[in-house]
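Readers should treat all values here as calculations from the given coordinates under stated rules, not as data from a laboratory. What you see is a predicted model, and the numbers here were worked out from it, not measured in a lab. Here the Cβ positions follow ideal geometry from the backbone for every residue, glycine too, while neighbour counts run over all protein chains shown.
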């Protein structure tokens with residue numbers, strides 16, 4: 001009989017993974033990054049969200065199809081080793097572990113920003129540490145506690161976004177006006193230009209929008225944690241297009257109809273600002289609480305995902321130095337892996353003092369976006385190879401029009417990655433990602449395979 005020393009605990013139910021799928025997609029990239037992306041290209045940012053959303057849906061369908069075929073896999077990353085090579089699998093699994101650490105750093109940066117709304121004199125680094133310790137405590141209990149925490153975090157996000165959309169509708173129909181605000185779709189349509197600040201700014205917005213979508217694949221990381229993975233996974237992925245239209249596009253239209261997009265500052269959350277500008281101070285505090293829990297939620301998911309990933313890597317590679325990370329607590333939690341990952345995330349406050357880093361949030365999200373793209377491209381290549389094997393089930397959860405759409409998605413992700421070399425704020429992270437690809441790629445190629 002298998003005991004907890006050899007088995008990660010399965011404690012997530014259908015309602016948990018449905019909300020986790022939302023929690024991984026609605027986070028800081030939208031709540032905090034929307035101001036930055038809107039300021040770059042105005043209302044045409046909606047088109048950017050739809051493009052990236054379509055690409056991510058195709059990616060999720062390919063991941064879902066492979067996991068549906070073999071739900072025993074603990075991670076979608078395992079398919080890269082299975083369908084490309086062991087060395088490629090080694091590269092992508094460690095790269096993904098690193099990228100989720102950066103993702104967690106970005107979310108922790110946002111937490112500090114939101115806490116400053118209430119406590120401007122309180123040290124940002126201290127608020128970040130407190131939140132991280134609390135979430136580590138929750139993650140150390142068991143998978144059920146994680147699922148419940150994420151379920152209610154997800155509920156708060158949904159209520160907040162629906163509330164924002166309903167606010168825009170009510171204010172629009174009531175003809176609300178004030179000294180600073182005149183609500184209506186005319187804020188979007190009046191003097192509309194696809195590229196109000198030029199084509200380069202339009203393409204620059206892809207990085208922040210891409211970051212708003214990364215982590216959608218967390219559903220692949222949590223599939224192994226469910227009691228009945230196949231129907232749960234299928235339902236969660238198929239609902240993604242509806243979520244994109246409702247939560248992302250709906251929220252953006254609401255923001256820009258309440259407040260002129262030209263006046264939305266790039267370095268503040270428009271969700272908080274909107275309620276301040278229409279004079280409802282307590283509502284601004286409420287929204288700040290919502291976006292704070294949103295960042296905490298995404299951080300919670302990141303800790304869960306990267307901890308499981310480090311545990312799986314340590315068991316798979318069998319290196320002596322990694323042996324401590326294969327240990328499970330009596331609750332079936334990879335506690336050592338969780339604590340080590342959290343220790344790395346604690347370096348977040350140091351990012352802002354690095355030379356050449358003017359905006360820590362943009363810098364960290366750029367690093368995360370670059371590495372996520374590499375992971376996504378390798379996953380899509382693995383899928384194309386999967387379709388050529390006997391594992392492919394034409395009667396299963398098949399990705400529609402895969403022969404044309406998957407290669408197109410690979411090219412699109414490649415172009416987004418390439419574009420990051422042309423903008424000042426994303427250049428250093430882009431160069432760093434190339435150094436990682438070459439350096440760790442060589443390590444992966446020439447490492448001695450463990451027996």
Linear extension gain, residue 401 paired with residue 281, 0.36 nm per residue minus alpha-carbon span: 38.3 nm
Sequence of 401, 325 once ranked by neighbouring C-beta atoms within 10 Å, starting from the fewest: 401, 325
Estimated inter-spin distance, residue 159 and residue 350, nm [label 7 Å along Cα→Cβ]: 3.9
Gain in span if fully extended, residue 234 to residue 190, counting 0.36 nm per residue against the direct Cα distance: 11.7 nm
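Based only on other Cβ atoms within 10 Å, what is the fewest-to-most ordering of 193, 320?
Listing 193, 320 from fewest to most nearby Cβ atoms yields 320, 193.
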Fewest-first ranking of 105, 164, using other Cβ atoms within 10 Å as the exposure measure: 164, 105
Label-to-label distance, nm, for residues given as residue 322 and residue 169 (7 Å Cα→Cβ offset): 5.0
Cα gyration tensor, the range 74-113 - rounded (a/c under 1.5), prolate or oblate: prolate
Under the Debye formula (equal points on every Cα, no solvent term), log10 I(q)/I(0) of the range 33-155 at q = 0.12 Å⁻¹: -0.76
Gain on full stretching of the segment that runs from residue 201 to residue 176 - 0.36 nm per residue minus C-alpha separation: 5.8 nm
Histogram of C-alpha separations across the range 14-446, 20 Å bin width, %: 26, 60, 13, 0
Spin-label pair residue 440/residue 141, simplified geometry with 7 Å Cα→Cβ offset, distance in nm: 3.2
